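Here the structure comes first, spelled out in structure tokens, and everything after it is commentary.
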There are 2 protein chains.
Amino acid sequence: MNKTVKIKNRIKEFRARHDFTQEELANRVEVRRETIGHIEKGRYNLSLILAWKISRALESSIEELFKFEELDN
Amino acid sequence: MNKTVKIKNRIKEFRARHDFTQEELANRVEVRRETIGHIEKGRYNLSLILAWKISRALESSIEELFKFEELDN
DNA sequence: TATAAATGTTATTTATTATTAACATAAAGT
DNA sequence: ACTTTATGTTAATAATAAATAACATTTATA
């Protein structure tokens, strides 16, 4: 029984609360707009530092912003 | 004023509490022993999923296990 | 003190994140 | 309807995490 971990996130939701566009958030955390887009869509397993920068920019925490689920395959 | 983020971690400390060697922890999170060693020494900016796996294996949380600091340079 | 177990460290390779650029589509505003 | 503004998406490249292998050093322990 092999397990993989997937991440869901609430970036879009928190971004809306702050009225930030993807580009504004990207500027604040110093990555490209597309990178934020890809992360929101769960396309990659971002680094811990980037996760922290994003959670700070959104006045949140990593654990609040990112939800982890273990899946069997 | 440019800012960079550095990570400090308490993996070694938590590992000791559980009486895990680097290798045991590595097996549990499915990475190499050297990878755990490098992370403990702060040599790389691990992925969010790996950070989560490690914090779970040590019955802790990401925010508890990893401390972030902003530095000027 | 000799032996084994655990950790340190470095160099090279592989895998994956993130950048870049380019264009498409959607939504909002004039 | 036209024009911005925001987001979606893809392909190619660059940057870096993680794997691998090999050997050194430290710590425990027989």
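The values are calculated or read from the model by the stated rules, or taken from the named source; none is laboratory data. Model, not experiment: these values are computed from the prediction. Glycine also receives a Cβ, built like all others from the backbone with ideal geometry; neighbour counts cover every protein chain displayed. Accessible surface areas use protein heavy atoms only, side chains included; no ligands, DNA or RNA. Shrake-Rupley method; radii C 1.70, N 1.55, O 1.52, S 1.80 Å.
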Requested in this report: Would you mind giving the total buried accessible surface between chains B and A, with a 1.4 Å probe and ligands, DNA and RNA left out, rounded to the nearest 100 Å²?
Outcome: 1800
Query raised in the report: Simple spin-label model, 7 Å along Cα-to-Cβ: A:LYS8 to B:LYS67 in nm?
Result: 3.3
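Please compute the volume of the convex hull spanned by the alpha-carbon atoms of the protein assembly as shown and report it per residue in Å³.
Numbers: hull volume 16.6 nm³, N = 146.
Each residue corresponds to 114 Å³ of Cα convex hull volume.
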Query raised in the report: Counting Lys and Arg as +1 and Asp and Glu as -1, each charge on the Cβ, what is the dipole of the protein assembly as shown about the Cα centre in debye, to the nearest 20?
Result: 240
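Taking each residue of A:42-48 in turn, how many C-beta atoms of other protein chains fall within 10 Å of its C-beta, and what is the average?
5
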Query raised in the report: Where nothing but the Cβ of Lys and Arg (+1) and of Asp and Glu (-1) is charged, how large is the charge dipole of region B:4-73 around its Cα centre, in debye to the nearest 20?
Result: 160
Report task. Ignoring everything but the protein chains, give the 1.4 Å probe accessible area of B:GLU64 in square angstrom, nearest 10. Result -> 80
Requested in this report: Two decimals is fine: what is log10 I(q)/I(0) at q = 0.15, 0.26 Å⁻¹ for region B:3-72, from a Debye sum with one equal scatterer on every Cα and no solvent?
Outcome: -0.43, -1.27
Report summary line: For region A:3-72, whose charge dipole is built from +1 on Lys and Arg Cβ atoms and -1 on Asp and Glu Cβ atoms, the candidate among A:LEU46, A:PHE20, A:ASN9 with its Cα farthest towards the positive end is A:LEU46
Query - Approximate spin-label separation A:ARG17-A:HIS38, in nm, with each point projected 7 Å along Cα-to-Cβ - result: 2.7
Query raised in the report: Given the rule -39500 (n - 2.57) for each run of at least 4 DSSP H residues, summed and divided by the residues of chain B, what is its mean residue ellipticity at 222 nm, to the nearest 500 deg cm²/dmol?
Result: -13500 deg cm²/dmol
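Which percent of the accessible area of the protein assembly as shown is formed by carbon and sulfur heavy atoms (probe 1.4 angstrom)? Before the final figure, lay out each step's value.
Working: 3770 of 8980 Å².
The C+S portion of the solvent-accessible surface of the protein assembly as shown is 42 percent.
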Requested in this report: Can you work out the accessible area per residue across chain B, with the rest of the protein chains kept in place, probe 1.4 Å, in square angstrom?
Outcome: 62
Report summary line: Per principal axis, largest first, the Cα atoms of region B:32-73 extend in Å by 34, 22, 14
Query raised in the report: Roughly what angle does helix B:48-57 make with the longest principal axis of chain B, taking Cα atoms, 0 to 90 degrees, to the nearest 10?
Result: 40
